[in-house]
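**Student:** This is the structure, below, for whatever I ask next.
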Amino acid sequence: MIVTKFGGSSVSSAEQFRKVKDIVLSNPERCVVVTSAAGKRVSTDNKITDLLYLIHAHIQYSASFKDLFSSVSNRFLKIQEELGLKTNIAVDLEALELELTKSCPIDYLVSRGEYLTGILLADYLGYKFIDAKDVILFNYDGTINFEKTEMLVKDALEVHKRIVIPGFYGAYLDGTIHVMKRGGSDITGSILARVINASAYENWTDVSGILMADPHIINNPKQIEKITYSELRELSYMGANVLHEDAIYPVKDSNIPILILNTNDTSFKGTMICETIEKDNSINMITGIAGKKDFTVITLYRHNASNEVGLLRKALEVFEKYKVNVEHVPSGIDNFSIVVSTKIIEKVLYDIVSELGQVVQSENIKVTNNLSLIAIVGRNMAKHVGVSGELFKTLGDNSINIRMIAQGSDEINIIVGVENEDFEKAIQVLYKTFA
Ligand code: ASP
């Protein structure tokens, strides 16, 4: 059995629904279909989920949401009409509008995008609609209750054989609707793949798989054919976003492959993500390059810093107190630096610096901004001599100054810090050398 998840743009219009139907019905293994809420039809369009969040904001300020609600309704009514579906979605829309006049919890409201899209899709495919609140169950701490979810999903499949489940939400054990993070339908698909022990988790979107680098920086980058979960994790953390990063964990342990496919181009084989990939000598040294701008480096100077037990802990505790995530801690003998996201530290920077001064009794604290981090990621780099040499040479030859270097001990990534202004150029020259 395959779990097949469609992203918002894949279900944004009647025309997209037709493509989805062709895909689903072309393989009888596709028994469990997960859908996002209808997304953008063109880049200037609105995602249904965004409109629902906006409606909620209007309710908060007692402003009229009539026009917004009409935009939402019209999208669903149009799909129903154009596909000639028998489901009377107007009834569900009226019920929702009524709910909005009462005190309607935000999670319930924003989950309606997936709910309504799911109802229409199930009708169109001839599959059974299963409300996610009845099968995807959360513990009260927000974690998934896999045991109960597995039991309920298997029961539903046993009876109905072919089902559509809306993504992005589920319910607490008392039945209250709870939504996941934005983009959470990816996670729903992954949970379902795990509980039914699917042979594959297909994630259909509007891009042709995962690219080796950001197409805004590299013209027409190569597609990645195969990537491990760990490599993807490194790339997504550094800004490559195709799949929700939390969607990896549910399937990782069972080693269920995730396929990233393109609803608008079914001839494309897709990118396969799995736990291990057999060695393939033709494969590049590098799987992908990603990066993020705007990091701040706080450097603390202290005589004999490297010999003082507990000094680093004391410094890190200050960041913990202010809930600032530490990205890297490069160190020298009499100094160490702490690299954090500028956006996150901005508001508490002066408090942190002043507290660090007291706690660490640093002789000198220096704050520098405008650092970009770039990761080159590749399973084939491990135990391969010369990759970092090549990397530094490439940047050096192009007059790009390296401000920081980090390599994980599993050797699947090398991270370099460069000036923000060198960010794009660094990615371009690295791509040219390694891709
Ligand atoms: N509709 C939700 C969002 O826009 C969840 C999803 O599409 O995965 O974030």
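**Student:** Taking +1 at the Cβ of each Lys and Arg and -1 at the Cβ of each Asp and Glu, which of ALA426, GLY332, GLY118 sits farthest along the dipole of the chain towards its positive end, judged by Cα position relative to the Cα centre?
**Tutor:** The residue sitting most towards the positive pole is GLY118.
**Student:** Identify, among MET238, ALA305, ILE289, the residue whose Cα sits farthest towards the positive end of the charge dipole of the chain, taking +1 on the Cβ of Lys and Arg and -1 on the Cβ of Asp and Glu, with the dipole about the Cα centre.
**Tutor:** ILE289
**Student:** Moving on to the next point. Could you compute how fast segment 330-396 diffuses translationally, taking Rh as the Kirkwood radius over C-alpha pairs and applying Stokes-Einstein at 10 °C with viscosity 1.306 mPa s? Give it in µm² per second.
**Tutor:** The estimated diffusion coefficient comes to 104 µm²/s.
**Student:** Of HIS160, HIS178, which has the most accessible area with a 1.4 Å probe, and how do the rest follow in descending order? Spell out each step's value before the answer.
**Tutor:** Values: HIS160 70, HIS178 35 Å².
Solvent-accessible surface, decreasing: HIS160, HIS178.
**Student:** Another one. Quick one: which of 226-236, 110-120, 36-46 comes out on top by average Cβ neighbours within 10 Å, and what's the full order, highest first?
**Tutor:** Packing proxy ranking, top to bottom: 110-120, 226-236, 36-46.
**Student:** Applying a 10 Å radius around every beta-carbon, put 361-370, 311-320, 239-248 in order of their mean neighbour count, most first.
**Tutor:** Highest mean packing first, the order is 239-248, 311-320, 361-370.
**Student:** Angle, helix 89-101 long axis vs. longest principal axis of the chain, Cα atoms, 0 to 90°, nearest 10?
**Tutor:** Value to nearest ten degrees: 60.
**Student:** Considering only DSSP beta bridges whose two residues both sit in the chain, what percent are antiparallel, to the nearest 5?
**Tutor:** Percent antiparallel among DSSP bridges in the chain is about 60.
**Student:** Could I ask something else about it? Would you work out the Kirkwood radius for segment 153-311? I mean one over the mean of 1/r across all pairs of different Cα atoms, in Å.
**Tutor:** 18.3
**Student:** On to the next question. Please give the net charge around MET151, taking every other residue with its beta carbon less than 13 angstrom from that of MET151, where Lys and Arg add +1 and Asp and Glu add -1.
**Tutor:** Within the 13 Å Cβ shell, the charges total -3.
**Student:** Please find, in a Gaussian network model of the chain (springs between Cα atoms separated by less than 10 Å), the residue of PRO221, PRO330, PRO257 whose mean-square fluctuation is greatest.
**Tutor:** PRO330
**Student:** With charges only on Cβ, +1 for K and R and -1 for D and E, what is the dipole size of the chain about its Cα centre, in debye, rounded to 20?
**Tutor:** 440
**Student:** State, as an integer percentage, the relative contact order of the chain based on alpha-carbon contacts under 8 Å between residues 6 or more apart.
**Tutor:** 13
**Student:** Of the candidates GLN16, GLN60, GLN223, which one comes out as most mobile in a Gaussian network treatment of the chain with C-alpha springs shorter than 10 Å?
**Tutor:** Residue with maximal mean-square fluctuation among GLN16, GLN60, GLN223: GLN60.
**Student:** Expressed as a fraction of 2.2 N^0.38 Å, the rule-of-thumb size for a compact globular protein of N residues, what is the C-alpha radius of gyration of segment 87-192?
**Tutor:** 1.05
**Student:** Given Cβ point charges of +1 (Lys, Arg) and -1 (Asp, Glu) and nothing else, what value in debye, to the nearest 20, does the dipole of segment 1-155 about its Cα centre take?
**Tutor:** About 360 debye.
**Student:** Considering all projection directions equally, how large on average is the shadow of the alpha-carbon convex hull of segment 1-121, in square nanometres? Before the final figure, lay out the partial values.
**Tutor:** Values: hull surface 30.8 nm².
Result: a mean projected hull area of 7.7 nm².
**Student:** Just to confirm a number: summing +1 for Lys and Arg and -1 for Asp and Glu over residues other than LYS383 whose beta-carbon lies under 11 angstrom from that of LYS383, what do you get? Walk me through the numbers on the way to the answer.
**Tutor:** Details: positive: ARG379; negative: ASP410, GLU411.
So the environment of LYS383 carries a net charge of -1.
**Student:** Could you sort 190-199, 351-360 so that the peptide with the highest average Cβ count within 10 Å comes first and the rest follow in order?
**Tutor:** Values: 190-199: 23.2, 351-360: 15.8.
Ranked from most to least packed, the peptides come out as 190-199, 351-360.
**Student:** Would you please give the residues with an amide H less than 5 Å from that of PHE129, counting only those at least 5 places away or on a separate chain, with H modeled from the backbone geometry?
**Tutor:** Residues meeting the criterion, in which the H sits 1.01 Å from N, are VAL164.
**Student:** Restricting to DSSP H runs of at least four residues, report the calculated mean residue ellipticity at 222 nm for the chain, -39500 (n - 2.57) per run over all residues, nearest 500 deg cm²/dmol.
**Tutor:** -11500 deg cm²/dmol
**Student:** Now for a separate question. Could you give me the ³J(HN,Hα) list for segment 234-245, computed from phi with Karplus coefficients 6.51, -1.76, 1.60 and θ = phi - 60°, whole Hz, x at Gly and Pro?
**Tutor:** 4, 5, 5, 4, 8, x, 7, 10, 10, 10, 4, 4
**Student:** Who wins for biggest fluctuation among THR271, THR296, THR263 in a Gaussian network model of the chain, springs between alpha carbons below 10 Å?
**Tutor:** THR296
**Student:** Hey, another quick one. If you average 1/r over all unlike Cα pairs in the chain and invert the result, what Kirkwood radius do you get in angstrom?
**Tutor:** Answer for the chain: a Kirkwood hydrodynamic radius of 24.0 Å.
**Student:** In nm², what is the average projected area of the convex hull enclosing the Cα atoms of segment 226-269?
**Tutor:** Mean orientational projected area (segment 226-269, Cα hull): 3.5 nm².
**Student:** Please turn the phi angles of segment 21-26 into ³J(HN,Hα) values with the Karplus equation 6.51 cos²θ - 1.76 cosθ + 1.60 (θ = phi - 60°), one per residue in order, whole Hz, x for glycine and proline.
**Tutor:** Whole-Hz 3J(HN,Hα) from phi for segment 21-26: 4, 4, 5, 4, 6, 7.
**Student:** Quick check: the angle from helix 349-360's long axis to the longest principal axis of the chain, C-alpha only, nearest 10 degrees?
**Tutor:** 50
**Student:** Placing +1 on the Cβ of each Lys and Arg and -1 on the Cβ of each Asp and Glu in segment 350-435, which of ASN398, VAL416, SER372 has its Cα farthest towards the positive end of the resulting dipole?
**Tutor:** ASN398
**Student:** If you filter segment 369-435 for GluC sites (Glu not before Pro), then keep DSSP loop positions with at most 10 other Cβ within 10 Å, what is left?
**Tutor:** Nothing satisfies the criteria.
**Student:** To continue, here is another question. Round to the nearest 10 and give me the degree value, 0 to 90, for the angle of helix 106-125's Cα axis relative to the longest principal axis of the chain.
**Tutor:** It is inclined by approximately 60 degrees.
**Student:** Rounding to the nearest 20 debye, state how big the charge dipole of segment 345-435 is about its Cα centre with +1 on each Lys and Arg Cβ and -1 on each Asp and Glu Cβ. Write out the running numbers ahead of the final one.
**Tutor:** Values: 8 positive and 12 negative charges, 68 e Å.
The dipole of segment 345-435 has a size of about 320 debye.
**Student:** Applying the Karplus parametrisation 6.51 cos²θ - 1.76 cosθ + 1.60 with θ = phi - 60° to the phi angles of segment 130-141, what ³J(HN,Hα) value in whole Hz is obtained for each residue in order, glycine and proline being reported as x?
**Tutor:** 10, 5, 4, 5, 8, 10, 9, 10, 10, 6, 5, 8
**Student:** What whole-number distance in Å separates the alpha-carbon centres of segment 9-69 and segment 177-254?
**Tutor:** What the calculation gives is 19 Å, centre to centre.
**Student:** How big, in percent, is the set of alpha carbon pairs in segment 293-435 lying more than 27 Å apart? Display every interim value, and only then the final one.
**Tutor:** Values: 2887 of 10153 pairs.
Every Cα pair in segment 293-435 considered, those over 27 Å come to 28 percent.
The values are calculated or read from the model by the stated rules, or taken from the named source; none is laboratory data. Everything quoted here is computed from the prediction, not taken from an experiment. Note that we place each Cβ from the backbone using ideal geometry, even for glycine, and neighbour counts take in every protein chain shown. All accessible areas refer to the heavy atoms of the entire protein, side chains included, with ligands and DNA or RNA removed. Shrake-Rupley method; radii C 1.70, N 1.55, O 1.52, S 1.80 Å.
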